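Engineer: I am attaching a structure below and will ask some questions about it afterwards.
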Amino acid sequence: MVNRRHFLTISSLVGFLPSLSFGHSRSTIANASSSLKDAETVAGVPPIGPVVISTWKQPKANAAAQAVLDQGGRALDAVEAGVRIPEADPDDMSVGYGGRPDRDGHVTLDACIMDEKGNAGSVTFLEHIMHAISVARAVMEKTPHVMLSGEGAFTFALSQGFKKENLLTKKAEKEWREWLKTAKYKPIANIERHDTIGMLAIDGQGNISGACTTSGLAYKMRGRVGDSPIIGAGLFVDNEIGGACATGLGELVMRTCGSFLVVELMRQGRTPQQACEEAALRIIKKQEFKDIQVGFLAVNKQGEHGAFSIQPGFSYTLSQNKQTQVTDARSYLK
Ligand code: SD4
């Protein structure tokens with residue numbers, strides 16, 4: 001059943017759909033309201049107890065985070081422990097060790113972390129250090145700054161006892177050399193594997209924290225930084241309201257302060273599902289969405305969650321359950 005608030009949101013979304021230039025007929029747009037009802041059915045069911053949720057297929061990362069929470073640990077420790085799993089996994093080619101390099105063959109990492117007090121730490125364009133998330137946490141806890149970048153972030157990491165490592169695996173190097181033969185760069189939705197991990201957790205005290213870590217877009221320009229380490233873009237947490245994270249084409253998330261927007265929409269009364277939908281729809285209102293992918297994932301203070309993406313293909317993992325496929329913007333226009 002569609003409740004009044006949801007009905008009002010549906011009405012306002014349908015209201016702006018005709019102004020979008022997708023090239024769809026008015027009749028497909030007129031049918032959007034029934035698809036919107038379908039979207040409601042994927043809204044999160046409030047889980048009981050601590051919550052761990054992450055982008056894409058991340059059961060092992062969630063298990064590591066859950067183990068921290070099960071021992072009464074803090075959400076901040078949980079998200080850090082969780083995202084360190086794919087950072088160390090050479091088979092995860094979008095995060096940490098084994099990540100795909102930039103077009104010049106360098107693996108450069110972006111990560112950020114945020115705790116329940118609104119503290120934040122971030123590293124961008126970090127090289128040679130596997131656990132970018134732990135360096136981001138050290139920036140948050142041991143410096144007066146929020147973000148360190150490139151050479152400075154690397155030097156800081158060494159000073160904190162992190163080890164210099166080669167993050168480019170044979171497999172990633174082989175793929176990159178293959179790519180060099182044509183060297184055409186065009187990010188296409190879901191053709192590059194998108195496995196950036198954004199994780200949100202609520203601990204036994206009801207405190208929320210989040211983490212986001214990635215090697216960024218494969219074969220990006222050297223020096224390119226995406227949304228993932230940007231507080232308010234790839235991740236945002238407000239312990240009074242909830243948290244959100246993003247995956248996909250970071251340029252679009254940065255331009256719209258995506259995760260901050262999702263949290264602010266929840267503050268205004270949207271459910272996590274409604275907030276993710278509205279933030280994604282705001283992107284495609286301005287931008288042709290044929291070749292782009294952005295997905296949002298959110299959790300509110302009550303432990304309800306929601307997720308939405310522009311294109312089909314985005315999924316998330318709640319606790320250690322199976323992946324859940326996310327409703328995408330095309331269903332609005334069927
Ligand atoms: C970026 N948002 O660097 C990241 C990429 C991503 O899954 O999410 N990949 O733009």
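The values are calculated or read from the model by the stated rules, or taken from the named source; none is laboratory data. Everything numeric here is computed off the predicted structure, so don't read it as measured data. Note: ideal-geometry Cβ built from the backbone for every residue, glycine included; neighbour counts use all protein chains shown. Areas reflect the complete protein model, heavy atoms only, side chains present, ligands, DNA and RNA absent. Shrake-Rupley method; radii C 1.70, N 1.55, O 1.52, S 1.80 Å.
Engineer: For the modelled label position 7 Å from the Cα of residue 143 along Cα-to-Cβ, which residues of the range 99-122 have backbone nitrogen atoms closer than 15 Å?
Structural biologist: Output list for this probe position: 109-113, 120-122.
Engineer: Same structure again: How high is the FRET efficiency from residue 301 to residue 177, r the C-beta distance, R0 51 Å, rounded to 0.05? Before the final figure, lay out the partial values.
Structural biologist: Working: r = 48 Å, r/R0 = 0.94.
Calculated value: 0.60.
Engineer: Computed over the Cα atoms of the range 228-334, what is the convex hull's projected area averaged over all directions, in nm²? Numbers along the way, then the final one.
Structural biologist: Details: hull surface 26.4 nm².
Hull-based average projected area comes out at 6.6 nm².
Engineer: Restricted to Cα positions, what overall size does the range 87-145 have along the principal axes? Three whole-Å values, descending.
Structural biologist: 36, 20, 13
Engineer: Going down the list 142/164; 181/290; 220/301; 60/301; 57/290; 60/117, which pairs span over 30 Å between their C-alpha atoms? Write down the numbers at each step before the final one.
Structural biologist: Details: 142/164 20 Å; 181/290 26 Å; 220/301 36 Å; 60/301 24 Å; 57/290 24 Å; 60/117 27 Å.
Too far apart for the 30 Å limit: 220/301.
Engineer: Determine the share of the range 179-334's accessible area contributed by carbon and sulfur atoms, expressed in whole percent, with a 1.4 angstrom probe.
Structural biologist: Working: 2960 of 5600 Å².
The C+S portion of the solvent-accessible surface of the range 179-334 is 53 percent.
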